[in-house]
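See below for the structure under consideration.
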Amino acid sequence: MSNSKMTWQAFKDQLQQHPEQILQFQYAADKLVAPSYHITEIKQAPITSVDCGGKVNAWTEIIVQLWEPEEEQTDRAMSVNKALKIVNLVESNIDLNPKATVKIEFGNSEFDTRQMYPNEFLLEGENLVINLQPDATQCKATDRGMTCGTPKTKTLEIPVAMEAGQSCTPGGGCC
């Protein structure tokens, strides 16, 4: 699975284009976060890791946490404008990295809590629906052409007609 990644700045830009819309989050096929959800916090998480190839990696994530109260409090989700007010409140207290990767953190009684990427923004009537894509594990070594302990892809060997006594080796320049 390929993960679509959006920066914090791009995420905010998308929201700012639709301030009057109602903000909905789709976490699975035909499943929206309940309209009475709250944005409980926005976290900035600097991450430093060492991958299986020994390379140090560093990046920052901005995690927007959504919470569904047990009792539905409203039948209409918050407006994008209200979400932007929460963003502004957070940014008045923390300098959020505009180049950080955005994730939305959500779970409920039917869906284990996880972090997902905002995949696409869909205008559906008065709603701005953010379709979320699950995160997946990855091997950074494979992104650098290494194998991460998995077998390398075999190279295609094409038989070449040779005269008796001649041979051809990979990289030998005879093919």
Matching option when the condition is farther than 23 Å from residue 118 by Cβ and either open to solvent by less than 50 Å² (accessible area, probe 1.4 Å) or of a type in the set (S, T, N, Q) (or both), among 75, 51 | 51
If we keep only residues of segment 143-175 that are at pLDDT below 70 and of a type in the set (Asp, Glu), then the residue least open to solvent (accessible area, probe 1.4 Å) is 163
For residues in segment 23-40 being closer than 15 Å to residue 69 by Cα and polar (S, T, N, Q), which is surrounded by the most Cβ atoms within 10 Å (Cβ to Cβ)?
-> 36
Counted residues in segment 107-136 being part of a strand (DSSP E or B) and within 12 Å of the chain's Cα centre (by Cα) come to 11
Leading residue by the ranking (farthest from residue 18 (Cα to Cα)) among those in segment 94-142 that are surrounded by 13 or more Cβ atoms within 10 Å (Cβ to Cβ) and among the acidic types (Asp, Glu) = 135
Is it the case that some residue within segment 5-18 is open to solvent by 50 Å² or more (accessible area, probe 1.4 Å), of a type outside the set (Phe, Trp, Tyr), touching a residue at least 24 places away in the same chain (Cβ under 8 Å) and assigned to a strand (DSSP E or B)?
-> yes
Within segment 78-90, can one find any residue that is part of a strand (DSSP E or B) and not polar (S, T, N, Q)?
-> no
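The values are calculated or read from the model by the stated rules, or taken from the named source; none is laboratory data. A quick note: this is a predicted structure, and the numbers were derived from the prediction, not measured. Every residue, glycine as well, gets a Cβ built from its backbone with ideal geometry; the counts of neighbours run over all protein chains shown. To get the accessible areas, we keep the full protein, side chains included, count just its heavy atoms, and leave off ligands, DNA and RNA. Shrake-Rupley method; radii C 1.70, N 1.55, O 1.52, S 1.80 Å.
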